[in-house]
Every structure is written in C-alpha cells, then in structure tokens.
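Participant: My structure is below; once you've seen it, I'll send some questions.
The values are calculated or read from the model by the stated rules, or taken from the named source; none is laboratory data. Quick caveat: nothing in here was measured; it's all calculated off a predicted structure. Every residue, glycine as well, gets a Cβ built from its backbone with ideal geometry; the counts of neighbours run over all protein chains shown. Areas reflect the complete protein model, heavy atoms only, side chains present, ligands, DNA and RNA absent. Shrake-Rupley method; radii C 1.70, N 1.55, O 1.52, S 1.80 Å.
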Amino acid sequence: MAAQITPPSSSSSSLAFSSEFNVWKPMRCCFFKWVSQVCPRIRPTNHFRIKSSNGHPLNAVSMQGGMDGSPLAKGINPEEQEEFFIDILDKEEALSTLSITVVGASGDLAKKKIFPALFALYYEDCLPKNFIVFGYARTKLTDEELRNIISTTLTCRIDKRENCKDKMEQFLKRCFYHSGEYNSEENFAELDSKLKKKEAGKLSNRLFYLSIPPNIFVDVVRCASMMASSANGWTRVIVEKPFGRDSESSAELTRCLKKYLTEDQIFRIDHYLGKELVENLSVLRFSNLIFEPLWSRNYIRNVQFIFSEDFGTEGRGGYFDNYGIIRDIMQNHLLQILALFAMETPVSLDAEDIRNEKVKVLRSMKPLELEDVIIGQYKGHNKGGRAYPGYTDDSTVPKNSITPTFAAAALFINNARWDGVPFLMKAGKALHRKRAEIRVQFRHVPGNLYKRNFGTDLDKATNELVLRVQPDEAIYLKINNKVPGLGMRLDRSDLNLLYRARYPTEIPDAYERLLLDAIAGERRLFIRSDELNAAWSLFTPLLKELEAKKIAPELYPYGSRGPVGAHYLAAKYNVRWGDLGGEDD
C-alpha cells in the first residue's frame, strides 16, 4: 500500500495534512500475516501487530504482495522470518509514540469510562510500548492529583490477573495532566510542549478524546489543530454525542469541524456500536446460513428495538432536558442498531462498505409521522413504602418541562427486503427494569396443524429471536416444543446462548473496543457525516412538530412499563411488545 501524501488546500490546517502523511504506514505494511488474535501473544505490547475489531490486521496488506519472494525474505525459514520481522518492528516502535489526550478529564465520562478503558487496553497489552495519556480540563490539578482520581476507578476486571497492582502503578506513571481553557490557543501550545517533551523526538501519533459538551467542540478542535497536532504522524479526534440537536445544528457542527479536520480524522463515537451483542449482530446474520434466507419481509413480521433504564435523571436533568429521550437514545443508539440489522450484505468488512449499506437503509426509511409516535414522562410514585420522584421533581429540571423521558415509534423501510415490516422502537427512563435488546418476531406458520393447541393467542405460537444487549448478554430463539407425556401439550421453549455461561471471560467494555479501533484508524464502528445527516433527516421534522405544537407527554408512574399509549401504537400494527411477559421474556 503506497503512502498517500496529499498537500493541504489553502483552507486546510496542518492537522489535516498530518493525518495523510503517515510515515510509518508503508514501513509496516508487510509484517502482519501471522497475526491471529486481537492482542497477540507474541510480543503483545507492539500495537502495530494487533488486529482491529473487524478482524483485519491494522494498517496492513497481505504478505503475498509484500515480503514473500523478496531477496530479503529468501532463505529464511518461517521461525527466523518471524523473529526477523519482530526485531524490525521493535526498532520501528522504539522510534514512535502514541499520545492520548482526554479533553474534559475531570468529568464523569472520563473518570468512569475512558480512563478505565485505556487501562484495560494497557492491562491486556493492546497499547504500543511507547504511549502516554494526558488529561486536559479547566480544573486545576497536578499530575499526582489526576492519578489519585483515576486510581479509584481502575479495576483489573478482565481475567483478574495477579499482577493487577503493578500494572496499575505502571499505567498511572504514564498519566499526566495539563490545566487550560478550552478556547485558549496558548494553553494548547503549552500542552503541545509537554507532549513533545514526553515524545522525545520520536514519530508522534496523537489521539484527542473530546469528553466535553458539544458547544465547545469547535473551540477545542481549532486550538488542537493549530497548536497541538502531530507534525510527523497522524492526529485523530474522537467526538462524543450529541452531534447537534437537529439537521441544521448537526450540519453546522460538521461544517465547523471540517475547517480544521478531514472526515477521516473525525471519529464520531456511539458506544452502543461497540457492545458485544451489537458487534455479533452481523456475524449472526452473515455467517449462519439458517438466518440470512429468513431476514426479510417474507418471514419476519416485526422487529423491536427496546431500551429501558430503571432510574431517572437523578440530578442530570439539566443536560437531559435540553435533548430528551428521542435525541439521547433513539436518533443515535437505536437507529444505528436498526441500520446494522436491516442493511444488505456489504461488499466486504471494510469500514466504507459497511457504512455505505447503513446509509442506504437510512435513506430508504419512510419519514416519521406524529401519529406513529408516542411520548411520555415519568411522574412520582410510591412503591414498597418508598417514594420515587417524578421527572419535574428533579431540581435541575424546569417545573413546567414537557421534555419526553419515554418514546415509542413505528418506522418503515421502503425497499424490497423490508416493505411493510414495522420496526418498533421503545426507549425510556424510570421503567420497571433495565434492558436493551433486539427482538425479531417471525410470521405465523401458515395452516399450522397445532393451531388449536395454542387457542386464540397465536402470538404464543410465534417464533422469536432475541438478542439481549444488556444486562446478561444472550442470544435466544423461542421455539414451540412438545411437553413430554402421553398428551399433546405444547410449550414455548428457548434455545439459549447465555454469554456468561458459554464464555467465562468478562466481556470488554464497549469503550475499549472503540478506543482500540480509533487508535488503529478502523472506522467501521464510527459514524460518517452522510450517515449522521440521514439519521437527523429522519427525526428532525418530527422533533420540530413536537416542539412547535408543544405536545404534552403522557405521564407514567416511576417504575412502571411506560405509557399505555405505547401498547396502542403496537396494536395499531398488530404487534405485541415482546417484553410484556415474565422476567426472561
């Protein structure tokens, strides 16, 4: 793979240029064929020999077009070749560094998710030998104070190895802090000086994680671009949701970011795409012959995407009230999962091929209409002798707020595969239990010989495939089965793959996978700008109508199953929500 050196345009910054001029890529392109694990056991600390989450070697081409048959490789047996390559890679790695800057390091997301995920990657030897982590925020902290804060959130949860304490100490020694304003070029220049001092003249690759409110994204990107981008390696920026509030604000945010970054440098993160069961969705469909022929309107009656939390805003209402459940959950998490579920078979596992198919799905969707949406808001409720507050009882929420904490919607895809199939979404806070799942309900069996055994409730005879994203990750298929005995009594049973029973190793957090992919330059699990535009185009007209008409949400008790209107919406399309049964349904 030849290096691409693209001169910057007159409007481009040095940041855009540095991402294209990746000096180390062609040097390493021949050394990856023997890689077989995400974090290899052979000299695992070398990041450039790991695979990204699509199973492809990072920044690599096959040996067929590389070293095989070259004068350098002739006469060397496989064992010697491997040692030879490792020696070269180690020398190259010694000349490069990875610098990760967490902007907004004093916030909850950084403390609870980002730093623990980075430590988990270090713990599993998935980071390069030379790496450093810088925290950046307005809060005045010393390096040691940051380390003390981080140390309270680090756990050796993967495999619980004996060297946990030593690993923590080694990781914390690589963590540093710089205090500064988010719009100060001078402060970012000071950060750049500290980074350069730690990088010690090596080839520098820099990753900025923006764990900050969206209204200061552009200021940070501008300052990082002008004052703290890598001069000789790549620079990438991870941007957290929300990506605007509607089509217009999202487009404006993208336009402003692209003044300083190329599209390939922007990694819009949706952590749900990094969850294990969402990752497994395409594997389940495209690598199992029994599912792909059924994956269409011919056999599927409806698909449900359900997200529920068993707690309210709890002091975070100030943020939530500005966005609501539709923007916070449905427009990103659930819609992204829907696109992955419904897309056609991509040409390859390449990021662009997969994202192309997702965009086609989003562009094929019927515009959302108000009559196909139900909104709700939780109210105070007494249960078991305990009083649960309502949404507007939160001191950070306006007393007259009509922001929905619950929404249900029926969506349709106007293409040959899915024409007429309702895709139902449901998301809410302060519901009866915490869950996130995909439920695929198949059509009734034509002329079912055992119809009388089910009585009038044909839904009991319906096969259903369930992918439980959280908690207790599982995949199970509901089938009809004869109960042992002399009579003919039928029962609905589960063919169940419970992850914790089948795979004893704890599942890595979604942020670990996404950080690893961002470091690798693998964009498959990140959102492209046209994909974001298509998603907002679907929801923006609905959101504007809801706000213009000031439609009041239906109230539901804290800890209930949500508004009654959600059940009427499902019934409108002859559907029953799949989570209405027992705890395991």
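Participant: Please pick out the residue among K140, K112, K167, K129 that is touching a residue at least 40 places away in the same chain (Cβ under 8 Å), closer than 26 Å to P213 by Cβ and charged (D, E, K, R).
Facilitator: Sole residue among the options that is touching a residue at least 40 places away in the same chain (Cβ under 8 Å), closer than 26 Å to P213 by Cβ and charged (D, E, K, R): K112.
Participant: May I pose another question? Taking only the stretch 393-443 into account, find how many residues are basic (K, R), without any contact (Cβ under 8 Å) to a residue 24 or more places away in the chain and over 20 Å from G376 (Cβ atoms).
Facilitator: 0
Participant: Could you pull out the residue among L121, L127, L146, L191 that is of a type outside the set (S, T, Y), in a helix (DSSP H, G or I) and touching a Ser or Thr at 6+ places or on another chain (Cβ under 8 Å)?
Facilitator: When all the criteria are applied, what remains is L191.
Let's see how each residue does on (1) over 23 Å from S401 (Cβ atoms); (2) in contact with a Leu (Cβ under 7 Å, 6 or more places away or on another chain); (3) open to solvent by less than 50 Å² (accessible area, probe 1.4 Å):
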position	(1), (2), (3)
K482	yes, yes, no
T505	yes, no, no
A518	yes, yes, yes
P557	no, no, yes
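Participant: Hey, another quick one. Which residue pairs have Cβ atoms under 8 Å apart, sit 6 or more places apart or on different chains, and have a first residue in the stretch 462-486 that is farther than 24 Å from E279 by Cβ and a second that is modelled with pLDDT under 85 and among the small types (G, A, S)?
Facilitator: Close Cβ pairs (under 8 Å, with a partner that is modelled with pLDDT under 85 and among the small types (G, A, S)) amount to I479/S493; N480/A461; N480/S493; N481/S493.
Participant: Of the conditions (1) at pLDDT 90 or above; (2) under 30 Å from Q441 (Cα atoms); (3) open to solvent by 30 Å² or more (accessible area, probe 1.4 Å), A339 fails just one. Which one is it?
Facilitator: Condition (3) is where A339 drops out.
Participant: Quick test for you: out of L465, L538, L477, pick the one residue that is open to solvent by less than 20 Å² (accessible area, probe 1.4 Å), touching a strand residue (DSSP E or B) at 6+ places or on another chain (Cβ under 6 Å) and within 23 Å of L294 (Cβ to Cβ).
Facilitator: When all the criteria are applied, what remains is L465.
Participant: Further question: Of all residues in the stretch 252-268, how many are crowded, with 17+ Cβ neighbours inside 10 Å and either over 16 Å from the mean Cα position of the chain (by Cα) or modelled with pLDDT under 90 (or both)?
Facilitator: Result for the stretch 252-268: 8.
Participant: Right, here's the next one. In the stretch 98-108, how many residues are at pLDDT below 90 and not in a loop (DSSP other than H, G, I, E, B)?
Facilitator: Count: 1.
Participant: Right, something else. Assess whether F134 counts as being open to solvent by less than 40 Å² (accessible area, probe 1.4 Å), modelled with pLDDT of 90 or more, outside any helix (DSSP H, G or I) and over 21 Å from F267 (Cα atoms).
Facilitator: no
Participant: What's the total number of residues in the stretch 279-324 that are among the hydroxyl-bearing types (S, T, Y), farther than 22 Å from P422 by Cβ and open to solvent by 50 Å² or more (accessible area, probe 1.4 Å)?
Facilitator: Within the stretch 279-324, residues that are among the hydroxyl-bearing types (S, T, Y), farther than 22 Å from P422 by Cβ and open to solvent by 50 Å² or more (accessible area, probe 1.4 Å) number 2.
Participant: A further question follows. Of everything in the stretch 346-378 that's of a type in the set (K, R) and more than 11 Å from L411 (Cβ to Cβ), which residue is most open to solvent (accessible area, probe 1.4 Å)?
Facilitator: Restricting to residues being of a type in the set (K, R) and more than 11 Å from L411 (Cβ to Cβ), the top hit is R363.
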